[in-house]
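What follows is a set of notes on a single structure, which appears directly below.
The values are calculated or read from the model by the stated rules, or taken from the named source; none is laboratory data. From a predicted model like this one, the values you see are computed outputs, not experimental measurements. We place every Cβ from the backbone using ideal geometry, glycine too, and count neighbours over all the protein chains shown. Heavy atoms of the whole protein, side chains included, go into the accessibility calculation; ligands, DNA and RNA do not. Shrake-Rupley method; radii C 1.70, N 1.55, O 1.52, S 1.80 Å.
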Amino acid sequence: MPSNQNMQGGKAFGLLKAQQRERCEEINKEFMEDQKYRDEEDLPEKLESFKNKYTEFDLNDQGEIDMMGMKRMMEKLGVPKTHLEMKKMISEVTEGVSNTINYRDFVKMMLGKRSAVLKL
């Protein structure tokens with residue numbers, strides 16, 4: 001893959017987004033192969049939708065949704081949250097380990113019992 005040191009603006013951003021989508025796609029494959037989710041209805045379509053939503057809200061392109069990304073997501077979904085509510089949501093999803101949500105945690109949340117938290 002070419003180095004993005006010589007790229008600026010849109011090209012660099014496009015490369016970052018493409019790399020991010022590739023990482024998400026690799027995680028999606030893990031979920032597709034996981035026996036725990038084999039009975040999940042429309043799993044390929046759900047994972048594709050989750051990937052699109054996740055990359056939209058990952059504002060810093062670091063592979064994680066931070067507090068601002070979470071705030072934007074909740075506002076766009078029509079359920080704005082306070083700073084404390086968002087902090088609690090992130091803590092629940094990551095089990096208190098992180099103050100950001102990575103894609104794997106996001107998919108587990110969306111497919112799991114807590115999916116009501118951020119139902120898309």
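Numbers at a glance
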quantity: Test: residue in the range 109-119 that is in contact (Cβ under 8 Å) with a residue 24 or more places away in the chain, basic (Lys, Arg) and assigned to a helix (DSSP H, G or I); calculated: no
quantity: Exclusive hit being within 15 Å of the chain's Cα centre (by Cα) and in a helix (DSSP H, G or I), set Asn52, Asn60; calculated: Asn52
quantity: Criterion: touching a residue at least 12 places away in the same chain (Cβ under 8 Å) and either under 18 Å from the mean Cα position of the chain (by Cα) or open to solvent by 90 Å² or more (accessible area, probe 1.4 Å) (or both) - qualifying residue of Glu75, Glu25, Glu45, Glu40; calculated: Glu25
quantity: Qualifying residue in the range 91-101 (condition: buried (at least 16 other Cβ atoms within 10 Å of the Cβ) and closer than 24 Å to Phe13 by Cβ); calculated: yes
